[in-house]
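Just below is one structure, and these are the notes that go with it.
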There are 2 protein chains.
Amino acid sequence: MNPVATGTAPLVADPARLQDHIDAFAALSEPDSGPGVTRLAYTALERQAHAVFTRWMTDLGLRVWTDAAGNTLAERSGTNPDLPALGAGSHLDSVPNAGAYDGIAGVVAAMETARLFAEADIEHAFPIRFVAFAAEEGARFGQACTGSRIVAGLTGPDDLESKSDAQGVTLAEAMRSVGFAPHEVARARWQSADWAAFLELHIEQGSVLESTGTPVGIVDQISGSTRIMIEITGRASHTGGTPMHLRADSMTAAAEVVLLAESLANDTRHRGTRISVGKMEASPGSITTIAGRTRLYVDVRDIDSDRQRLTVAELVERAKSLCERRNVTFAATALADASPVILPRRLRDTVASTCTDLQIDYRVLPSGASHDSQMINHVVPTGLIFVPSRDGISHSPVEWTSADELATGTSVLAAGLLALDQQMRPHATA
Amino acid sequence: MNPVATGTAPLVADPARLQDHIDAFAALSEPDSGPGVTRLAYTALERQAHAVFTRWMTDLGLRVWTDAAGNTLAERSGTNPDLPALGAGSHLDSVPNAGAYDGIAGVVAAMETARLFAEADIEHAFPIRFVAFAAEEGARFGQACTGSRIVAGLTGPDDLESKSDAQGVTLAEAMRSVGFAPHEVARARWQSADWAAFLELHIEQGSVLESTGTPVGIVDQISGSTRIMIEITGRASHTGGTPMHLRADSMTAAAEVVLLAESLANDTRHRGTRISVGKMEASPGSITTIAGRTRLYVDVRDIDSDRQRLTVAELVERAKSLCERRNVTFAATALADASPVILPRRLRDTVASTCTDLQIDYRVLPSGASHDSQMINHVVPTGLIFVPSRDGISHSPVEWTSADELATGTSVLAAGLLALDQQMRPHATA
């Protein structure tokens, strides 16, 4: 089987063009926000990035629309109007002080694939939809993958009203501020009957591919993530006037919780569990005042769904009791909860055989990070393709993937879509 | 000896009037800054508070001027123009989300004393200067007692250019922004020959007076305070993609430093040492990103000057080595350093005998907090009078002292000044 429908030589992605797209998106960053890219969910900057995607796809002759959740879809027609769609894409928002590749790599790979198909006049039976999801990062509202959760029917209007950012702006308010209607998000929902399969390309955000010298990863499972906010309340008081034994210090209790979380993740029962406290807010935040209230934001990831929830329960229980011992009050609030998923074997096999055809090494591996794939796999069978991350670093200004590595992954994505187009046709023989 | 120079009944401070002043100053708070009073050093609001003080003193017929550091002085003439001044006062700025009494109590006691002297037509030989110091709190710039340090010659222009707030505004810039000339602060310096003695009234900010049912405290020594900023740099990376053993997490290292500081203060070598981390900043501050950089602001207080510096050195040494073990980098920056002081015996004795004459119980005790007294005692013999703090709480919106307690302290201040006026006259016999 030739993965390219026209029977010609495989399509070859252009590293320079991919890099141009990466650079253009990276330029859309909040001014005065420090190093790296800051383009948070449901901001004007995120919409500017979607406008760039829209213009590119429109210029290639695709039909482009934006749904009620802010996801942008660009459809290239297939030769058989009765078939459901194949899809490819990722997201365009970022965490604060991010790199230029998380999410963006998958969108620029989709943009380059659309260009390759257009320039080579590729015909496919299935319509192919290139997608830029909105609001994938959980950094602003705690919940990750909001755009893809909405299309998968996993998040509705109530959820959008209840989650808010550090300034108290709810997800729903943020959506309205950039022109979307949160009460109408049900209209954005995807129907399984409309979709045949989906492929997402993403940077690994880990170091397996780099350390093994493998250009492509095929993801078999994606970690779940439970996120909680722990609020510890003690008593703000003068640092000089308050003896050590009369303190109710929320900061020292919080420090003990941070180390408890770390030790839980490192104990022998938890090989694979990852627990992080990336955000802490101590109030009133003065060098001469004992912190009266400290908030900790905790992220628990696991491939094992039961262990994920049991770990959170154990952390909460033990943190609560250490706070009692320290005479400070403890409260935990659930911010988000997503189960681990196993991605469908059939798509993994298709991507693997595509790699073999293209003579590109690959490796099957799990994903510690959440992805839009995790959500849309509920409505459309989804495959997730990784390209290497230098030093395994992501969510950082130094996040980097070479243009050549990105081009290799993009060639697999393009060929993979065409392989699916062949395989999944009603008349196709494998 | 009658503490009141006129030989009449002791002057009695008016609780209602004191409370009115407290409330008026409390109303001068940064909008949208959360609970309590926020009136930081060298802001327009601090200057408004000084304007209130100026108007009150001017209306009482005193000569009022503001020096190059922003301290406001109001002089009531004495009958002997050759004598140096007696003084009384405290400060008008606050920490963020403060109470209404820290510093302010001493200024309103001075305002009420000036009123009592004016209304009773009290004569005194020495001129009496009522003082509202500027920028006592170290919350904004790290350095405490800037106004009183300047008059004592302990802080000069270079220091003002080198210390800055969280927004990077230097002390010098902040001073200029409210109309002062930081390069001319030498002009504000007090000469010992111009001053005979000074009394500061302040809330205790601890619970010794309340727990022993004592209305007045007389301070014998004031803790020193060394303040450092510790910056720990790890590697920002994705919380899901980065295995526990490959992390360089500045947050967990910072948590260990917080607990190290606490354990140092609690060990048997350190009875009396107080170590606090009231402020922590983790960057980039996202729930899905391992904190790449965390800053800790540490305050070390001690009555023992050597132990204070040795404790800081031990904390830095051990924090540095735990950071090395955790594969994150460590840096410590000195923010401020003040030695403990012992206040002069003679003034303590005068205040004590004043209390005895007025039949007011007192207790001699140390101060854990820094005060303007600590600085001006370098140029003028200074006494420090404490009134009770409910639950010992300060630097908090719930900081509270009753109007009656404040009035009792004010009566001692007024009588104490007149006792000094009698005692210190060239012809006086004790």
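The values are calculated or read from the model by the stated rules, or taken from the named source; none is laboratory data. Predicted model only: the values in this text are computed from it and were never measured. Quick reminder, even Gly has a Cβ in these numbers, built from the backbone with ideal geometry, and neighbours come from all protein chains shown.
For the reader, a short list of remarks on this structure follows.
- Residue among A:249, A:158, A:165 that alone is touching a Lys or Arg at 6+ places or on another chain (Cβ under 8 Å) and assigned by TED's automatic domain parsing to the domain that holds residue A:45: A:165
- Candidates A:201, A:160 - the one that is touching a His at 6+ places or on another chain (Cβ under 9 Å) and of a type in the set (A, V, I, L, M, F, W, C): A:160
- Hits in the range A:115-135 (condition: crowded, with 24+ Cβ neighbours inside 10 Å and either small (Gly, Ala, Ser) or part of a loop (DSSP other than H, G, I, E, B) (or both)): A:126, A:132, A:134, A:135
- Some residue of the range B:345-353 being within 14 Å of chain A (Cβ to nearest Cβ), surrounded by 23 or more Cβ atoms within 10 Å (Cβ to Cβ), of a type outside the set (S, T, N, Q) and in contact with a Gly (Cβ under 8 Å, 6 or more places away or on another chain): no
- Search result, residues across the range B:354-365 that are away from every other protein chain (no Cβ under 14 Å) and outside any helix (DSSP H, G or I): B:358, B:359, B:360, B:361, B:362, B:363, B:364
- Matching residues in the range B:286-312 - criterion: being more than 24 Å from the chain's Cα centre (by Cα), assigned to a strand (DSSP E or B) and buried (at least 24 other Cβ atoms within 10 Å of the Cβ): B:289, B:290, B:294
- Residue list for the range A:28-50, restricted to those being surrounded by fewer than 19 Cβ atoms within 10 Å (Cβ to Cβ) and at positive phi: A:32, A:34
- Restricting the range B:317-337 to residues that are among the aliphatic types (A, V, I, L, M) and in contact with a Ser or Thr (Cβ under 8 Å, 6 or more places away or on another chain), the residue that is nearest to residue B:252 (Cα to Cα): B:328
- Within the range A:285-302, tally of residues that are within 7 Å of chain B (Cβ to nearest Cβ) and either in contact (Cβ under 8 Å) with a residue 60 or more places away in the chain or of a type in the set (A, V, I, L, M) (or both): 6
- Count of residues meeting criterion [β-branched (Val, Ile, Thr) and either in a loop (DSSP other than H, G, I, E, B) or within 15 Å of the chain's Cα centre (by Cα) (or both)] in the range B:398-411: 2
- Inspection of the range B:124-146 finds a residue satisfying the criterion of being closer than 30 Å to residue B:276 by Cα and among the β-branched types (Val, Ile, Thr).
- In the range A:245-268, residue farthest from the other protein chains (Cβ to nearest Cβ) [restricted to those that are free of Cβ contacts under 8 Å to residues at least 12 places away in the same chain and hydroxyl-bearing (Ser, Thr, Tyr)]: A:268
- Cβ-Cβ contacts under 9 Å between residues 6 or more apart (or on different chains), taken from a first residue in the range B:316-329 that is in a helix (DSSP H, G or I) to a second residue that is polar (S, T, N, Q) and surrounded by fewer than 18 Cβ atoms within 10 Å (Cβ to Cβ), are listed as B:323/B:329.
A quick yes/no check of all residues on (1) surrounded by fewer than 24 Cβ atoms within 10 Å (Cβ to Cβ); (2) over 19 Å from the mean Cα position of the chain (by Cα); (3) modelled with pLDDT of 95 or more:
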site	(1), (2), (3)
B:194	yes, yes, yes
B:198	no, no, yes
B:215	yes, yes, yes
B:248	yes, yes, yes
B:262	yes, yes, yes
B:268	yes, yes, no
B:271	yes, yes, no
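- When A:113, A:43, A:58 are checked against the criterion of being out of contact with any Phe, Trp or Tyr (no Cβ under 8 Å at 6 or more places or on another chain), modelled with pLDDT of 95 or more and within 28 Å of residue A:138 (Cβ to Cβ), A:43 stands alone in meeting it.
- Scanning the range B:366-397 for residues that are assigned to a strand (DSSP E or B) and either at pLDDT 95 or above or surrounded by 24 or more Cβ atoms within 10 Å (Cβ to Cβ) (or both) gives B:367, B:382, B:383, B:384, B:385, B:386, B:387.
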